[in-house]
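The values are calculated or read from the model by the stated rules, or taken from the named source; none is laboratory data. If you're wondering where the values come from, they're calculated on a predicted model, not measured in any experiment. Neighbour counts run over all protein chains shown; Cβ positions are idealised from the backbone, glycine included.
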Amino acid sequence: MSINDKISMFYNAKPIIFERAKAMRENMTQAENAVWEVLKSKNMLGLRFKPQHPIDIFIADFYCHPLKLVIEIDGGIHKSKEQKEYDIGREAELEKWGIKVIRFTNEEVEKSIEHVKKEIEQECARHRSELQSPLQGI
């Protein structure tokens with residue numbers, strides 16, 4: 001991976017963000033682990049997702065660089081008014097980078113991982129077709 005790839009893939013994230021991301025990877029929630037089982041090893045349409053991925057000043061729960069797609073798994077804290085406002089601002093910042101964010105709650109994951117898997121698969125397929133170019137070597 002060249003330096004330019006690292007800059008674009010991590011969107012200029014600072015070392016402290018990488019440290020936090022590593023700690024978060026080591027302490028993923030039960031819902032995040034369930035989604036990771038669906039995504040890891042290119043299980044989702046052959047696409048590579050990275051867990052707890054640094055993007056600028058943020059850490060995405062899961063990120064697929066070729067699709068510029070973030071998947072967030074929201075716990076109870078995301079129900080508060082303040083956190084909802086923060087999440088809206090965070091999504092707006094990520095959208096400036098051309099990154100799409102999709103969200104699921106812990107409850108959705110725990111209730112029906114198959115439904116979540118199907119929604120992720122549909123979103124990936126939609127993004128892939130929108131790109132209108134072959135995604136080789138992903």
What are the residues in the range 33-49 that are assigned to a loop (DSSP other than H, G, I, E, B), within 22 Å of residue 112 (Cβ to Cβ) and in contact with a helix residue (DSSP H, G or I) (Cβ under 7 Å, 6 or more places away or on another chain), if any? 45, 49
Across the range 50-68, what is the total count of residues that are assigned to a loop (DSSP other than H, G, I, E, B), more than 19 Å from residue 87 (Cα to Cα) and out of contact with any Lys or Arg (no Cβ under 7 Å at 6 or more places or on another chain)? 2
Condition met for residue 114 (closer than 16 Å to residue 38 by Cα, surrounded by 16 or more Cβ atoms within 10 Å (Cβ to Cβ) and over 15 Å from the mean Cα position of the chain (by Cα)): no
For residue 28, the lone unmet condition from (1) in contact (Cβ under 8 Å) with a residue 12 or more places away in the chain; (2) in contact with a helix residue (DSSP H, G or I) (Cβ under 8 Å, 6 or more places away or on another chain); (3) not in a loop (DSSP other than H, G, I, E, B) is (3)
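Residue by residue, here is whether (1) surrounded by fewer than 20 Cβ atoms within 10 Å (Cβ to Cβ); (2) in contact with a His (Cβ under 8 Å, 6 or more places away or on another chain); (3) modelled with pLDDT under 95 holds:
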{"residue": "12", "(1), (2), (3)": "yes, no, yes"}
{"residue": "25", "(1), (2), (3)": "yes, no, no"}
{"residue": "28", "(1), (2), (3)": "yes, no, no"}
{"residue": "33", "(1), (2), (3)": "yes, no, no"}
{"residue": "37", "(1), (2), (3)": "yes, no, no"}
{"residue": "40", "(1), (2), (3)": "yes, no, no"}
{"residue": "43", "(1), (2), (3)": "yes, no, yes"}
{"residue": "55", "(1), (2), (3)": "no, no, no"}
{"residue": "60", "(1), (2), (3)": "no, yes, no"}
Is it the case that residue 88 is outside any loop (DSSP other than H, G, I, E, B) and crowded, with 18+ Cβ neighbours inside 10 Å? no
